[in-house]
Amino acid sequence: MARTIPFKRVLHGVWTRTGGDPASQNNLETNAAHAVTEYINEAYKFAWQFYEWPEALTVEQRTFASQLVEWEQSGETAMETVLGVSQDDPRLKAYARPVTFKSGPAGIYVPSDFASSELWITYRKPAPWFTATEYDGSTSYALGDTVYYATSGECYECIQAGSGNLPTDTDYWTKLDFLAILEAAVKQGARSEWLREEGQESTSTLAQEAMIELLESEILRLETQQGDVRHVRHVAHAA
């Protein structure tokens, strides 16, 4: 199970790092909360795609038709990046039989001579997009809507339309997990985004470099634990 932290902890942490008054962090103004959350989202997406974090990966058996597994299959979690395809569950077999595949606009394609209609896919889903929009019990929510619930300090996505159902009701909502392993780096990255908007380019660059150093430190720790050696894949950061 992935180790997660409450979104509130990151929101308040970034708030103080961008000059906010620590005494007012429990009562952030709406505009301030939304702005800080945007900084967090940009930094989280960057960190999420920076490396193949084990806790961000999913292994699932999928069916397909016409040699295509779509990025967004009905009733299934959307896939952002496919990292491996096999005939066996790689969690149970050390040498799961690999299946060659090719990525395309609609999804991934497997060879035409692959006879089975099922395979195992290791993938990374899209990074969650957090929100500062607070839950309102009088609002009717649609599938895919997201809210922030101050009571728990977490963000949630609607999985069944309705109103008056607390975000902690798992029949209607699912929590958006914030990976604990990315906390420190994301706080630096969000601060970098804020500094860039404030026109402090040189200081922003230093904060961004600190973010990358933190991510690389986590990668080294993980690979030392696993006895694994991988090449870090840097992602270009938008100006």
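The values are calculated or read from the model by the stated rules, or taken from the named source; none is laboratory data. For clarity, every value in this text was computed on a predicted model and none was experimentally measured. Cβ sites come from the backbone with ideal geometry, for glycine too, and all protein chains shown count toward neighbours. Each accessible area value is taken on the protein alone, full model and side chains, heavy atoms only, with ligands, DNA and RNA left out. Shrake-Rupley method; radii C 1.70, N 1.55, O 1.52, S 1.80 Å.
As for segment 63-76, it holds no residue that is of a type in the set (A, V, I, L, M) and not in a strand (DSSP E or B).
Looking only at residues of segment 155-203 that are acidic (Asp, Glu) and within 30 Å of Thr58 (Cα to Cα), we find that the one that is surrounded by the fewest Cβ atoms within 10 Å (Cβ to Cβ) is Asp171. When each of Arg221, Arg230 is tested for being in a helix (DSSP H, G or I) and either modelled with pLDDT under 95 or open to solvent by less than 90 Å² (accessible area, probe 1.4 Å) (or both), the lone residue that passes is Arg221. Contact map, segment 98-109: first residue aromatic (Phe, Trp, Tyr), second residue outside any loop (DSSP other than H, G, I, E, B) and open to solvent by 70 Å² or more (accessible area, probe 1.4 Å), Cβ cut-off under 7 Å, separation 6 or more or different chains; pairs are Phe101/Tyr109; Tyr109/Lys102. Across segment 31-42, the number of residues qualifying as open to solvent by less than 30 Å² (accessible area, probe 1.4 Å) and free of Cβ contacts under 8 Å to residues at least 40 places away in the same chain comes to 1. Within the bounds of segment 43-60, is there any residue that is assigned to a loop (DSSP other than H, G, I, E, B), surrounded by fewer than 18 Cβ atoms within 10 Å (Cβ to Cβ) and of a type outside the set (A, V, I, L, M, F, W, C)? Taking every residue of segment 43-60 in turn, at least one turns out to be assigned to a loop (DSSP other than H, G, I, E, B), surrounded by fewer than 18 Cβ atoms within 10 Å (Cβ to Cβ) and of a type outside the set (A, V, I, L, M, F, W, C).
Scanning segment 87-144 for residues that are at pLDDT below 90, of a type in the set (Phe, Trp, Tyr) and either open to solvent by 80 Å² or more (accessible area, probe 1.4 Å) or in contact with a His (Cβ under 7 Å, 6 or more places away or on another chain) (or both) turns up just one, Tyr95. The set of residues in segment 166-192 being of a type outside the set (Lys, Arg) and part of a strand (DSSP E or B) consists of Trp173, Thr174, Phe178, Leu179.
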